[in-house]
Amino acid sequence: MNKGLVIALVLVVSAALGSLLRPHQFLSPGPLIQGHAKLDQDCLACHRPFEGPGKCENCHKPEDFLKKPVAKAEFHHKLGPKTCISCHTDHGVRHVSHFSHNLLDSKTNQDCSGCHKAPTDKNHIGVKESCSACHGQGAFKPASFEHGKWFHFDKNHKAKCITCHQGEDYTSYTCFGCHAHGMGEIRGEHAEEGILDLRDCVGCHPSGKEYDAKMRRSRPVKDNGIQGPVRQYDRAEALAGMSALPGQAGTAVDSAGGQGVQESGGRSEHEGKGEHGSEHHSEHGDDEEEEDDD
Amino acid sequence: MALILATVLIDWFLHSQGLAYWGRWAGPLGVLVLALSFGYSARKRKFLFTGSLPGWLRLHEYLSWIGALLIMVHSGIHLHAWLPWAATLAMLAATASGLMGKYLLKTARDKMKAAKTKLAAQGLTDVEIENQLLSDSLTLKALANWRKGHMPVTYTFFFLALFHVVSICFFWM
């Protein structure tokens, strides 16, 4: 008989015997979780032949879930007729590996805070939009946020978050964190135009360009569908506002936050919120609304 | 080397795109492609009558390589169960053996072609040349010896892969 065939036969028979006698070594895709470690050599304790794992309820009685914390029990109850292995896997490092939000009914799926603790950091305070406006269901980070709604980045404004949003406070911004914008220079230039309130640069320069304001003044322009006159500054009021430090200037909404998130700078939330700058804007609420409607 | 490099690239791409689970389905697909590649064996043993034998051989070479690539992507780097790894190693051995056979065949053809030209130059007729070349036992012996190694390696792979598929169906399906 061919030597090669003999070797092949020995290998195949060894593999067959090994699979029968030591299935956890020959067949198992990974070690079981600690709680199930004692079943490591007894595959059929969980697996039904040609049907897969499905004997969970032999040990884990459904009524045991009532002993769990209410939220956990309720969460599992809402999953409906899904099997345990739709989400939980025993073999491998991760215990829960197959969970998908698609398993949830639509109402539960939209109630993020029903399962996830709502973030309480500065980025998220006052955010009224749904979580899905910025966050996907795959992972909390990275989040996406349309910064351009408040301020358009251009080639001259590839700044780090902290340059404009200081003290990790994304509800306010300053344009004076950058060396390119000197307070003295800006003040002199704007005083010629009678503009002495230098707190909300983005109000007139939505993309940070000098000519944003001139363009707006010369004609009503369409800017991302926004159209209207330029804000008219009240000199006396602006003078009163000069006492504010530049760093406490405009306020902004942020609905994203966190690492990898493009923070916001903007105008929409600062009306009537009690900050110095906000008071100014609330008094100009009509103008601002007009500008937003631009 | 090209097989391993292609595997690493595809594996990297799937992981970078969050599509690592596609690797699971590369297994059945690879088995299907490999099964198709055995059309050559079926044609050679006259279970099939369509197509030329060299054509089937070329198809066997291409499909075996693609099937092996898919199985390699399916295997990934998951070192736990012994049986699937034994099957993967057997498949790699069969692929390497196949490539060696391809090299031997090419060498034999080149040698044959050179001998034919030489004999024709000596003024032998076509029939005489054929008779002369048939007696080139050295080349034939080399290929026969190669087959003695290639076939057991292929059988080993076939049965180990079969055990793996059956075990998956038994425990998972």
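Residues checked against (1) over 23 Å from B:Leu59 (Cβ atoms); (2) away from every other protein chain (no Cβ under 14 Å); (3) among the aliphatic types (A, V, I, L, M); (4) in contact with a strand residue (DSSP E or B) (Cβ under 6 Å, 6 or more places away or on another chain):
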site: B:Val73; (1), (2), (3), (4): no, yes, yes, no
site: B:Thr107; (1), (2), (3), (4): no, yes, no, no
site: B:Met112; (1), (2), (3), (4): no, yes, yes, no
site: B:Gln122; (1), (2), (3), (4): yes, yes, no, no
site: B:Glu130; (1), (2), (3), (4): yes, yes, no, no
site: B:Cys169; (1), (2), (3), (4): yes, no, no, no
Of a type outside the set (A, V, I, L, M), assigned to a helix (DSSP H, G or I) and surrounded by fewer than 16 Cβ atoms within 10 Å (Cβ to Cβ) - does that describe any residue in region A:40-55?
-> no
Test: residue in region B:91-98 that is among the small types (Gly, Ala, Ser), within 11 Å of chain A (Cβ to nearest Cβ), surrounded by fewer than 18 Cβ atoms within 10 Å (Cβ to Cβ) and under 30 Å from B:His15 (Cα atoms) = yes
Residue check, A:His124 at pLDDT below 80, outside any helix (DSSP H, G or I) and either at negative phi or small (Gly, Ala, Ser) (or both) = yes
Only one of B:Ala86, B:Ala81 that is under 30 Å from A:Pro29 (Cβ atoms), touching a residue at least 24 places away in the same chain (Cβ under 8 Å) and within 14 Å of chain A (Cβ to nearest Cβ) = B:Ala86
Flagged in region B:148-165 as surrounded by 22 or more Cβ atoms within 10 Å (Cβ to Cβ) and without any contact (Cβ under 8 Å) to a residue 60 or more places away in the chain, in numbering order, are B:Pro152
Matching residues, region A:42-61, being touching a helix residue (DSSP H, G or I) at 6+ places or on another chain (Cβ under 9 Å), away from every other protein chain (no Cβ under 14 Å) and of a type outside the set (Asp, Glu) | A:Cys56, A:Asn58, A:Cys59, A:His60
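The values are calculated or read from the model by the stated rules, or taken from the named source; none is laboratory data. Owing to the predicted nature of the structure, the values given are computational and were not obtained by experimental measurement. No Cβ is skipped: glycine too gets one built from the backbone with ideal geometry, and neighbour counts run over all protein chains shown.
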